[in-house]
Amino acid sequence: MDKEQVLDHFGSGVAVAKLLGINNSCISRWDEIPLNHQRTLQRLSKGKLKAVEPPKKEKEPVVRVCYNLPKSVHDKFRKQCRKEKKPMTRMAIKLIQDYIDN
């Protein structure tokens, strides 16, 4: 489903935004229409517009950078992750940046 097809069918980005219950500025930022919105638009257009599943993207490998950190820094990092209830990978960049800055 192409953005131009959607706009032609429903008339304007504002009309599409109202139908989807989203802000019209979201529509202007679409490079590809999210699949959940495509399905909704397909239903609203009574099948005239067809939802197209985007090709699957390959996941980038996770780089393990904590192995070269001193044990004290790694322990502090694990403790902080548990305290904030976040996975270690999400906080790795912040910890490494703090370590480099000090």
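The values are calculated or read from the model by the stated rules, or taken from the named source; none is laboratory data. What you see is a predicted model; the values in this text were computed from it and never measured. Cβ placement follows ideal geometry from the backbone for every residue including glycine, while neighbour counts extend to all protein chains displayed.
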Of all residues being without any contact (Cβ under 8 Å) to a residue 40 or more places away in the chain and hydrophobic (A, V, I, L, M, F, W, C) in region 6-21, which is surrounded by the most Cβ atoms within 10 Å (Cβ to Cβ)? Just the residue, please. VAL16
Would a scan of region 63-77 turn up a residue that is modelled with pLDDT of 65 or more, more than 30 Å from GLU4 (Cβ to Cβ) and of a type in the set (A, V, I, L, M, F, W, C)? yes
